[in-house]
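A.B. asks: The structure that follows is given in the form of structure tokens.
The values are calculated or read from the model by the stated rules, or taken from the named source; none is laboratory data. Fair warning: this is a prediction, and the values are worked out from it, not measured in the lab. Positions of Cβ are backbone-derived with ideal geometry, glycine not excepted, and every protein chain shown enters the neighbour counts. Accessible surface is based on the protein model in full, side chains and every heavy atom, while ligands, DNA and RNA are left aside. Shrake-Rupley method; radii C 1.70, N 1.55, O 1.52, S 1.80 Å.
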Amino acid sequence: MMENLNLDLIQLSDREGNNSQDSSIAEKEYLPVPQNVKITNITCDSFKINWDMDCRAKDRITNYFLDLNKKEHNNSNKFKHKDVPTKLVAKAVPLPMTVRGHWFLSPRTDYTVAVQTASKQSDGNYAVSEWSEIIEFYTADYSTVHLTQLLEKAEGVAGRMLSFSVFYRNQQEDYFNKTRETQEKRMLPAVKDNSGSHGSPISGKLKGIYFSCNTEFNTGKPPQDSPYGRYRFEIQAEALFNTKTNLYFGDFYCMYTAYHYVILVLAREGSPGDLFCKGRLPALDISDNRFLTCTQEEEEGRLVFHHAQDVILEVIYTEPVDLALGSVEEIQGHQFSSMSTINAKKDPSCKTCNISVGR
């Protein structure tokens, strides 16, 4: 029988490096030490834990203590103060049991966990066993369930649809020179950076090329400013987005500003990028969604395109793109580097674009 773990957070003395003893912990008496601890069914905000133990004192066990810690790296943010560890306290339910909680688990994060058995005494103190071995595990990406929740939030702020005709990509001049000289004039997919939601299943995994399609409201054309460079490649929308293309929702985030970003993935049907996205990302109907549409006119049969007005779309195309399919020109506007989303971290406090799992 598997039980959900009813957890309380308490502050106990550290089991290493702290000789002080909390008054709520009684002198040790014999209680079985958890052995062969196993972590399974890991999601972005939960895991299942099981272990073996001596049955002789099993009836006296009233609680389990879990010492759950974020594994620190040189560039990590502190999960909690290292001298005041947080222990998770659970009633002694049948094993295995599920530990679930977005307030202490984040997606795509290394953790360590150890377990104690405990017996609550008549005076309210606990007798405890020795700690088990330390087990390491890594939490998962957002599932399609979590991404669908983000999708629904993004739909609520997408706004009305505006027409557009080209996708564009801004870079420095050196980027396009390298493309011509060393890549046979083809822009090549690169692994997506870590911008956006920490639990995004495409960060650090999906290969693609970033494009934009947002237009200025008053002109219907791409803006003249860009944070990524003064040289712009433009390509007709139909070359990347058509009836043989699948469209996926990838992420929804902001960077401590009023602007919100939606990441979409365009993948040629049956391509490696398309196969990667299937089962990982929510698929969108290319002719009927709130962000980016491709529809066919009844009379002339030509394709027409629309984008959401009130969010900034970042469109990832998963195939190489030949420069000969479009044109590269220098833009006349400014380069606002502060607006760049490269490796941008999501604002975890924004109520508009966060869901109730690790950020």
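A.B. asks: In segment 129-142, what count of residues is obtained for those that are over 19 Å from P348 (Cα atoms) and crowded, with 19+ Cβ neighbours inside 10 Å? Before the answer, list the steps.
C.D. replies: In the first step, residues of segment 129-142 are kept if they are over 19 Å from P348 (Cα atoms); the result is 129-138.
Narrowing the set further to residues that are crowded, with 19+ Cβ neighbours inside 10 Å leaves 129, 132.
Residues flagged as over 19 Å from P348 (Cα atoms) and crowded, with 19+ Cβ neighbours inside 10 Å within segment 129-142 amount to 2.
A.B. asks: When you scan segment 202-210, do you find a residue that is open to solvent by 40 Å² or more (accessible area, probe 1.4 Å), free of Cβ contacts under 8 Å to residues at least 40 places away in the same chain and either among the β-branched types (V, I, T) or closer than 22 Å to L303 by Cβ (or both), even just one?
C.D. replies: Of the residues in segment 202-210, the ones open to solvent by 40 Å² or more (accessible area, probe 1.4 Å) are 204-205, 207, 210.
If we keep only those that are free of Cβ contacts under 8 Å to residues at least 40 places away in the same chain as well, we get 204.
Narrowing further to those that are either among the β-branched types (V, I, T) or closer than 22 Å to L303 by Cβ (or both): none.
No, because not a single residue in segment 202-210 is open to solvent by 40 Å² or more (accessible area, probe 1.4 Å), free of Cβ contacts under 8 Å to residues at least 40 places away in the same chain and either among the β-branched types (V, I, T) or closer than 22 Å to L303 by Cβ (or both).
Yes or no, residue by residue, for (1) surrounded by fewer than 16 Cβ atoms within 10 Å (Cβ to Cβ); (2) under 16 Å from I49 (Cβ atoms); (3) touching a helix residue (DSSP H, G or I) at 6+ places or on another chain (Cβ under 7 Å); (4) at pLDDT below 90:
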site	(1), (2), (3), (4)
L88	no, yes, no, yes
K91	yes, yes, no, no
V99	no, yes, no, no
T109	no, no, no, no
G124	yes, no, no, yes
A127	no, no, no, no
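A.B. asks: Going through segment 93-133 one residue at a time, which ones are farther than 19 Å from I61 by Cβ and in contact (Cβ under 8 Å) with a residue 60 or more places away in the chain? Outline the logic, then answer.
C.D. replies: Keep residues of segment 93-133 that are farther than 19 Å from I61 by Cβ, which gives 100-112.
Of everything in segment 93-133, those that are farther than 19 Å from I61 by Cβ and in contact (Cβ under 8 Å) with a residue 60 or more places away in the chain turn out to be R100, G101, H102, F104, L105, S106, P107, R108, T109.
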